[in-house]
Amino acid sequence: MCVLNEPWLHNGKLASVYVLYGTEKYLLETWEREIIKAANPSGDQFDVMQLDLQETSLDTALDEAETVPFFSEFRTVIVKNAQFLTGAKEKQKHNVDRLAGYMAQPASYSVLVFVVETEKLDERKKIVKRLKEQAIVLEAKKPTQSEMIRYVNDELNRQQQQMDRTTVERLLFLCQDDWGKLVRELDKLQLYAGVGKSIPIEVVNDLVPRTLEDNVFQLSELLVKRRADAALRLVRDLEKQGQELLGLLGLLARQYRNMYLSKQLSERGYGEKQIASKIGAHPYTVKLATQASRGFSEAQLAKAMTLIADADEAMKTGRGDKQIIFDTLVCQLTLL
């Protein structure tokens, strides 16, 4: 999980060719930035070339790699969108034979880096096999929930700060398990709190922007508490922010579905992690849904889903004004 162990170095030295691939954009960007820094410690960007294979050719990238640097020890060539390494359809045909030849004797004064956001490389291609044998290939995987929690705790320990488990889970939920966003938001929280301080959930709620899903959670909480007036005010606020009522209705349907399923499964003895896996929801989502469902019977939640489905049909078929339909639904849900 940590990006500071320098996986881009081979026996403490830079390699001539890299392939960075995966679905974790933040990690790809971090590796790219660190390779550039290691190749050009002075920070001089004159010998750093950024190319995009959707706009240029592989031949151009290799021409750059074979150009002697002017002011730095290495010429660094970053090649984005290297789709020729995947099974995706390419807009143009690239000269992979020339790359294979370059791999046999890469320029000692260049660092060539291929970057592609993809879940996997096409192992059937000869050039991919060659690169795996002769280059450093790094996969940027999406971190697991456990890895992200460990990352947060490690960063907190470095600053002698504390955050309880519930608050950490809340932070991850608000960051939507996006590592880049988590890094930025955690840094902001740590700066705000100061060294050696605790970071309570109230600070996380105040400083980390709410997601649309979280606003729908807040809406459902107000409905659970039978507070129709506050719920309608929140709906109007979300509309002012550009949210469509039909989209809100879809998220509300998913929330009540999660409440219904969480209640069923928890009463059968399933734990939160098991429920999350079974219904395909975020663990924190299940935790909130399980808590909210305690105020309802299964019959009430089933009735709520029927009301939401009826409102959805009415809005989609034009049977009345959408706002009136949604507001009526809000009032109906608070009366369950």
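The values are calculated or read from the model by the stated rules, or taken from the named source; none is laboratory data. Remember, it's a predicted structure, so these values are computed and weren't measured experimentally. Virtual Cβ from ideal backbone geometry, glycine too; neighbours counted across all protein chains shown. Side chains are part of the model used for accessible areas, which takes the heavy atoms of the whole protein and leaves out ligands, DNA and RNA. Shrake-Rupley method; radii C 1.70, N 1.55, O 1.52, S 1.80 Å.
Summary table below
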item	result
Val111 long-range amide H proximity, modeled H, under 5 Å	Arg75, Thr76, Val77
Label-point separation, Lys37 to Asp187 (7 Å along Cα→Cβ), nm	1.0
Portion, in percent, of the accessible area of the chain that falls on carbon or sulfur, probe 1.4 Å	48
Region 214-331: equivalent-ellipsoid semi-axes (sqrt of 5 x gyration tensor eigenvalues, Cα, Å)	26, 14, 13
Lys125-Arg236 pseudo-label distance in nm [points 7 Å out on the Cα-to-Cβ vector]	5.6
FRET efficiency, Val96 to Glu29 (Cβ-Cβ, R0 45 Å, nearest 0.05)	0.95
Relative contact order, percent, region 189-336 [alpha-carbon distance under 8 Å, six or more residues apart]	27
R0 of 41 Å, Cβ-Cβ distance Ala302-Lys197: FRET efficiency to nearest 0.05	0.35
Entries in Lys142/Lys287; Lys197/Lys273; Lys37/Lys141; Lys287/Lys322 that, when Cα-Cα distance is taken, lie over 26 Å	Lys197/Lys273; Lys287/Lys322
Per DSSP, loop trypsin sites (Lys or Arg not before Pro) in region 118-186 with at most 14 further Cβ within 10 Å	Lys120, Arg124, Lys141
Solvent-accessible area per residue, Å², over the chain with all protein chains present [probe radius 1.4 Å]	52
Loop-located GluC sites (Glu not before Pro) in region 50-122 whose Cβ has at most 12 other Cβ within 10 Å (DSSP)	Glu55, Glu90, Glu119
Euclidean distance of C-alpha centroids, region 15-46 and region 120-174, integer Å	16
Three-way shape call for region 131-254 based on the alpha-carbon gyration tensor, with the a/c threshold at 1.5	oblate
Residue-span extension gain [Asp206 to Asp52] - 0.36 nm each, minus C-alpha spacing	51.5 nm
Pairwise label distance in nanometres, Gln134 with Glu66, each label 7 Å out on the Cα-Cβ vector	1.4
Rule-of-thumb Rg ratio for the chain [Cα; 2.2 N^0.38 Å; N residues]	1.29
GNM flexibility winner over the chain from Pro283, Pro143, Pro41 (Cα, springs under 10 Å)	Pro41
Loop-located trypsin sites (Lys or Arg not before Pro) in region 235-294 whose Cβ has at most 15 other Cβ within 10 Å (DSSP)	Arg268, Arg294
